[in-house]
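Okay, so here's the structure we're looking at.
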Amino acid sequence: SLLDIDAMLLGTTLYLWQMPHFFALSYMHRVDYKRGGFAMVPVLEQDGEQTAQLIRRYAAYLSTVPFIATATGVASSMFALEGVALNAYALYVANKFHKERTNANARKVFLTSLWYLPSFLVLFLLHSKVWDEDEDRQKDMLRGVISDAIHKVRDQGRQICIHEHAVAKNNNHNEDIEQSATTTDTIRSDAGNSGCPVTIAKRTGAAGVSSAADVANQTVT
């Protein structure tokens with residue numbers, strides 16, 4: 001569906017991405033565009049100020065997409081975290097071009113846009129929650145194969161992710177509390193410990209925290 005939030009976010013990403021990409025390209029070749037009679041933004045101005053502002057503006061808009069995807073439940077919070085690193089560099093080269101409008105800096109913006117888009121889409125694919133819908137996996141064989149591959153990559157990511165280790169350590173700690181706690185005060189103090197908010201898949205929820213909290217409620221009762 002065109003109104004599906006996943007499709008809308010992908011469409012928005014492609015729309016926003018093309019702006020810095022083509023503005024930087026047209027700035028580098030503004031002389032050629034002028035000779036050809038194309039009324040591009042860099043052709044219509046002398047100092048490139050508006051071009052630089054447009055590049056920086058759309059780069060800033062693009063940096064919000066990972067947060068929106070996470071907030072709407074389309075992707076895991078890991079997508080927002082990795083999006084910070086990805087967009088930080090994109091904003092850096094955009095600001096550098098804004099401060100010093102040269103062909104060399106415009107070329108950096110253009111080259112950044114070339115690897116930015118595939119990197120962004122791969123992260124979107126990897127952290128999309130659509131692969132956690134088991135019912136759809138069973139209906140579509142191809143979808144199931146792709147989903148299994150995605151989960152294998154996620155599992156490998158857990159081996160090196162400090163956030164996943166933090167959550168696992170916290171959950172194990174809460175399980176020990178559930179088994180050995182003897183007083184209400186002990187349970188309350190330990191059950192209040194929260195895991196790392198960054199997750200890479202649905203299996204990294206706060207199950208341990210919920211279990212400890214349930215034990216605390218039962219003890220109080």
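Collect the residues in the range 1-36 that are touching a helix residue (DSSP H, G or I) at 6+ places or on another chain (Cβ under 9 Å) and not in a helix (DSSP H, G or I), keeping them in residue-number order.
Once the filter is applied, which keeps residues that are touching a helix residue (DSSP H, G or I) at 6+ places or on another chain (Cβ under 9 Å) and not in a helix (DSSP H, G or I), the range 1-36 yields SER1, LEU2, HIS29.
Restricting attention to the range 1-30, which residues are surrounded by 13 or more Cβ atoms within 10 Å (Cβ to Cβ) and of a type in the set (Ser, Thr, Tyr)?
As a first pass, look at the range 1-30 and keep what is surrounded by 13 or more Cβ atoms within 10 Å (Cβ to Cβ): 5-6, 8-10, 12-13, 16-30.
Correct list: THR12, THR13, SER26, TYR27.
Answer yes or no: is there a residue in the range 31-39 that is in contact (Cβ under 8 Å) with a residue 40 or more places away in the chain and open to solvent by 20 Å² or more (accessible area, probe 1.4 Å).
Taking the range 31-39 and keeping what is in contact (Cβ under 8 Å) with a residue 40 or more places away in the chain, we get none.
There is no residue in the range 31-39 that is in contact (Cβ under 8 Å) with a residue 40 or more places away in the chain and open to solvent by 20 Å² or more (accessible area, probe 1.4 Å).
Based on what the data block shows, is VAL109 open to solvent by less than 50 Å² (accessible area, probe 1.4 Å), part of a helix (DSSP H, G or I) and hydrophobic (A, V, I, L, M, F, W, C)? So that I can check it myself, show each step before the final result.
Details: open to solvent by less than 50 Å² (accessible area, probe 1.4 Å): yes; part of a helix (DSSP H, G or I): yes; hydrophobic (A, V, I, L, M, F, W, C): yes.
For VAL109, the condition - open to solvent by less than 50 Å² (accessible area, probe 1.4 Å), part of a helix (DSSP H, G or I) and hydrophobic (A, V, I, L, M, F, W, C) - is met.
TYR89 fails exactly one of the following numbered conditions: (1) under 8 Å from the mean Cα position of the chain (by Cα); (2) among the aromatic types (Phe, Trp, Tyr); (3) more than 14 Å from SER128 (Cβ to Cβ). What is the number of that condition?
For TYR89, the exception is condition (1).
Could you pull out the residue among ALA104, ALA69, ALA59, ALA94 that is open to solvent by 20 Å² or more (accessible area, probe 1.4 Å) and either in contact (Cβ under 8 Å) with a residue 40 or more places away in the chain or out of contact with any strand residue (DSSP E or B) (no Cβ under 6 Å at 6 or more places or on another chain) (or both)?
On the way: ALA69 fails: open to solvent by 20 Å² or more (accessible area, probe 1.4 Å); ALA59 fails: open to solvent by 20 Å² or more (accessible area, probe 1.4 Å); ALA94 fails: open to solvent by 20 Å² or more (accessible area, probe 1.4 Å).
Matching residue, one of ALA104, ALA69, ALA59, ALA94: ALA104.
What residue, among those in the range 40-56 that are open to solvent by less than 30 Å² (accessible area, probe 1.4 Å) and under 24 Å from the mean Cα position of the chain (by Cα), is nearest to ALA90 (Cα to Cα)?
If we take residues in the range 40-56 being open to solvent by less than 30 Å² (accessible area, probe 1.4 Å) and under 24 Å from the mean Cα position of the chain (by Cα), then ILE55 is nearest to ALA90 (Cα to Cα).
With respect to GLU82, is the statement that it is part of a loop (DSSP other than H, G, I, E, B) and either more than 12 Å from ALA106 (Cα to Cα) or not acidic (Asp, Glu) (or both) true?
On the way: part of a loop (DSSP other than H, G, I, E, B): no; either more than 12 Å from ALA106 (Cα to Cα) or not acidic (Asp, Glu) (or both): yes.
Taking the combined requirement at face value, the residue does not satisfy it.
The values are calculated or read from the model by the stated rules, or taken from the named source; none is laboratory data. Everything numeric here is computed off the predicted structure, so don't read it as measured data. Because the Cβ atoms are built from the backbone with ideal geometry, glycine has one as well, and the counts that use them run over all protein chains shown. Surface areas here come from the heavy atoms of the whole protein model, side chains and all, with no ligands, DNA or RNA. Shrake-Rupley method; radii C 1.70, N 1.55, O 1.52, S 1.80 Å.
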